[in-house]
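Before any comments, here is the structure.
Each reported figure results from applying straightforward, stated rules to the coordinates on display, with no laboratory input. Everything quoted here is computed from the prediction, not taken from an experiment. Cβ: placed from backbone, ideal geometry, glycine included. Neighbour counts: every protein chain shown.
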Amino acid sequence: MRIGSIDTGNTATSVIVNGELIGTAGTVSFKDFSLTMLSGARSTSFSSSAKQEIGGVVFNPLVLGPVHVHRKVYFRAVLETTDATCGAYIELYDPGSITAGSPGIVVGSQLSTNALTPTMLEVDLTSVFDAVSNPGVIEARLWCSPVIAGKQVICKGARIDVQWS
């Protein structure tokens, strides 16, 4: 059981038990919970046929509390490439079958950019993760396309964020 309070700066205090808002005083803003897959930098020149796993987390819906209309789940990553003709791609992979019943790519999780500077990307995966009922490992995989000799793609951070309002 996780119990905590949040101070939004407006003398608002909320009590959260297992991710569920159970009491408040004052105004409440969004609450965040992050599952960090990568903090730092990883690079690769691998193609989509040899995706590089760069990190993983255990997604446990039991810790997050009951599904409700005010919860959102996002996959966010910071990507860049050393050459704009070589796209940087990242996706979530579910080896334990918690999102779709069999191991595979988490539907809708692919992010990409051709930016030469670090770029924050995100996708809303609420509908996918709201259907998850059991804990399991989720991995982040990085690759470039097309592969160009001497060129790399870089991920400087990847996480799953859960927000409540």
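Tell me, which residue of the range 90-130 that is part of a strand (DSSP E or B) and of a type in the set (Asp, Glu) is farthest from Gln152 (Cα to Cα)? Filtering the range 90-130 for residues that are part of a strand (DSSP E or B) and of a type in the set (Asp, Glu), the one farthest from Gln152 (Cα to Cα) comes out as Asp124. Scanning the range 74-102 for residues that are of a type in the set (Ser, Thr, Tyr) and in contact (Cβ under 8 Å) with a residue 12 or more places away in the chain turns up Tyr74, Thr81, Thr82, Thr85, Tyr89, Tyr93, Ser97, Thr99.
When Ala140 is tested against (1) assigned to a strand (DSSP E or B); (2) free of Cβ contacts under 8 Å to residues at least 12 places away in the same chain, just one condition goes unmet, and that condition is (2).
Selection within the range 133-153: residues that are surrounded by fewer than 20 Cβ atoms within 10 Å (Cβ to Cβ) and of a type in the set (A, V, I, L, M, F, W, C). The member of this set that is farthest from Tyr93 (Cα to Cα) is Ala149. Is it the case that the range 103-115 has a residue that's farther than 18 Å from Val162 by Cβ, of a type in the set (Gly, Ala, Ser), free of Cβ contacts under 8 Å to residues at least 12 places away in the same chain and out of contact with any Ser or Thr (no Cβ under 7 Å at 6 or more places or on another chain)? Yes - at least one qualifying residue is present in the range 103-115. Screening Thr85, Thr81, Thr99 for residues that are surrounded by fewer than 16 Cβ atoms within 10 Å (Cβ to Cβ) and of a type outside the set (Asp, Glu) leaves exactly one candidate, Thr85.
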